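The structure appears below as structure tokens.
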Amino acid sequence: MSLLNTKKTETNTAVLEISIDSETFNNAVTAVYNKKKATIQLPGFRKGKAPRHLIEQYYGSGIFYEDALNKVIPAAFEEALAESGLKIVASPEYEIKTIDKETGVVFEATVTLRPEVKIEGYKGIELTRKVEPVTDESIAAEVKKVQERNSRTTDVEDRPAQDGDTVNIDYEGFKDGVPFDGGKAEGYDLTLGSGQFIPGFEEKIVGHGIGEEFDIDLTFPEDYHAEELKGASVVFKIKLNGIKETMLPELDDEFAKDVSEFDTLDEYKADVKAKLEENAAKAADRDIDQQIVEKLVGLLEAEIPEVMFVQETENFVRDYDSRLRSQGLKLEDYLKYTGTTLDDMRARFRPQAEQQVKTRLALEKIAELESIEVSDEEIEEEYESLSKAYGMEVEQIKKYVAREDLAADKKVQKAVQFVKDNAVIKDE
């Protein structure tokens, strides 16, 4: 292999002219012939017995060229790219210029280059750390959630349904006296006040008793998703089969003992407060990180190739597809159920992808400018963390995560911390 020439043709684009010597190329052709000869048949010869020169005469001298090129071009390109010192962000496009058994191959590889990046003013950026205060109301709300999780339900026989009850009903909806699609169910459990049904439905069940059959007159909202029911006047026929009420435990010391390691309700509430304050502090820190991202994106100067945004958008789509599959749902089925397309999903992820690309470029440039390095010990610590997170042996993790990729990610993390350490942070 020989790198004959490198020329930049436009912003973020270059063309590498590369040669492959005749010996390397002919060895590749011979290897392809030896692999395929058993499947080739010529008139007058048994399959696999025709001589190579006759095969090339019959089918053309270049019969094995394409497969041979597929064998030698990638390695030749990688060698030439390393020699050129260029950093690329996408797969190259190849064009064969000359090909001959005597002289070998000359081809061109058009590559998209990593953009030149400038960033200034990242030291001393002003940030505001807003910590949401923990109030008596927020503590009570958190305790209420735990209280509701520890509730029990009991059957109600001696009173009509009221707000907060769970009723079991049969219902069927009619528009102009005709049942409409999706308007019927039997033995349906509905918590009154939950807002599951259109406005007025749940409210008009309140006050009715077990065994009652009654009608509800309602009007569907103008923005209802089903076109034929938008703003329509309908009648629901209801039969109330049963009523259950939710019984909450008393908020006392016994409750605290049941739901925590504390002996008194006051101790339990103090712990709830401490955890809420910790969560508020973490949320404030996450917001600081987001402010840093927004500031750095604003400071970044770079002509970023479109392909980088496209690739990152596809990464978002693949990640979402993986999450769906982990839940037993295929992406194509999800798109069908939600009435969206793959292009709709790409459009939704595009802004996030653009920000991700810009942020990464900014932080990598900061790491370069500040000579941020990552030690072998830090990389090994990262492997250990991944090992614990995924429940795999470190050596297994190393097979899937390249050392240089881990080092690059760690540099970016350290660059974020560098910006944060040098920022002017005002607490609110």
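The values are calculated or read from the model by the stated rules, or taken from the named source; none is laboratory data. Source: prediction; values computed, not measured. As a convention, Cβ positions derive from the backbone with ideal geometry for all residues, glycine included, and neighbour counts pool all protein chains shown. We work out accessible area using only protein heavy atoms, side chains counted, and drop any ligands, DNA or RNA first. Shrake-Rupley method; radii C 1.70, N 1.55, O 1.52, S 1.80 Å.
Structure summary
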read-out: Top of Q413, Q291, Q41 by mean-square fluctuation, Gaussian network on the chain, Cα under 10 Å; value: Q41
read-out: Stretch gain in nm, segment T39-K145, where the contour uses 0.36 nm per residue and the Cα spacing is subtracted; value: 31.0 nm
read-out: Area of F180 that stays accessible when all protein chains are in place (1.4 Å probe, Å², to 10); value: 30 Å²
read-out: Computed lengthening from S260 to K87, 0.36 nm per intervening residue step minus Cα-Cα distance; value: 56.7 nm
read-out: Region 362-402 - Kirkwood radius from inverse mean 1/r over Cα pairs (Å); value: 11.5 Å
read-out: Förster-model FRET efficiency, 41 Å R0, D253 and K426, C-beta, rounded to 0.05; value: 0.45
read-out: Alpha-carbon radius of gyration plus Dmax, which is the widest Cα pair, for region 72-188 in Å; value: 35.8, 101
read-out: Solvent-accessible surface (1.4 angstrom probe) belonging to D189, in square angstrom, nearest 10; value: 100 Å²
read-out: For region 1-119, fraction of C-alpha pairs farther apart than 18 Å, in %; value: 57 percent
read-out: Note, ³J(HN,Hα) from phi for region 264-277, Karplus 6.51, -1.76, 1.60, rounded to Hz, x at Gly and Pro; value: 10, 5, 5, 5, 4, 5, 5, 5, 4, 4, 4, 5, 5, 5
read-out: Separation in nanometres of the label points that stand 7 Å from Cα toward Cβ, at S138 and K204; value: 4.1 nm
read-out: 1.4 Å probe accessible area per residue over the chain, in Å²; value: 61 Å²
read-out: Karplus-derived 3J(HN,Hα), 6.51/-1.76/1.60, for each residue of region 392-406, Hz, glycine and proline x; value: 10, 5, 4, 5, 5, 4, 5, 6, 9, 10, 5, 4, 5, 5, 5
read-out: Surface/4 estimate of mean projected area, convex hull on alpha-carbon atoms of region 321-400, nm²; value: 7.9 nm²
read-out: Sequence of H208, H53 from largest to smallest accessible area, 1.4 Å probe; value: H53, H208
read-out: Virtual spin-label span in nm between D100 and E303, 7 Å along Cα→Cβ; value: 3.8 nm
read-out: N315 versus E78: modelled label distance in nm, points set 7 Å from Cα along the beta carbon direction; value: 2.1 nm
read-out: With Cα atoms, 0 to 90° folded angle of helix 136-149 axis to the chain main axis; value: 90 degrees
read-out: Under-5 Å amide H pairs with D165, H placed in peptide plane, nonlocal only; value: L192
read-out: Tilt relative to the chain, helix 22-36 - C-alpha long axis, 0 to 90 degrees, to 10; value: 60 degrees
read-out: In Å, descending, principal axis extents of the Cα set of region 174-226; value: 31, 24, 18
read-out: Gained length - E120 relative to D409, 0.36 nm times residue gap less alpha-carbon distance; value: 101.9 nm
read-out: Angle between the chain longest axis and helix 342-369 axis [Cα atoms, degrees, rounded to 10]; value: 70 degrees
read-out: With all protein chains modelled, accessible area of S84 [1.4 Å, Å²]; value: 40 Å²
read-out: Theoretical FRET efficiency, 1/(1+(r/R0)^6), r = Cβ-Cβ of K239 and Y337, R0 30 Å, to 0.05; value: 0.45
read-out: Rounded FRET efficiency, nearest 0.05, which uses the C-beta distance separating R350 from K388 and R0 of 25 Å; value: 0.15
read-out: Rh by Kirkwood over Cα pairs, then Stokes-Einstein D for the chain at 1.567 mPa s and 4 °C, µm²/s; value: 43 µm²/s
read-out: Region 277-374: GluC sites (Glu not before Pro) in DSSP coil with no more than 12 other Cβ atoms inside 10 Å; value: E303, E373
read-out: Region 134-205: GluC sites (Glu not before Pro) falling in loop per DSSP and having at most 15 other Cβ within 10 Å; value: E157, E203
read-out: Amide N of region 229-258 lying under 11 Å from the label point, which is placed 7 angstrom from the Cα of N168 along Cα→Cβ; value: 241-244
read-out: Alpha-carbon spread of region 1-44, three principal axes, descending order, Å; value: 56, 21, 15
read-out: Stretch in the chain that is longest and holds no trypsin sites (Lys or Arg not before Pro) that DSSP places in a loop and that have at most 11 other beta carbons within 10 Å; value: 88-329
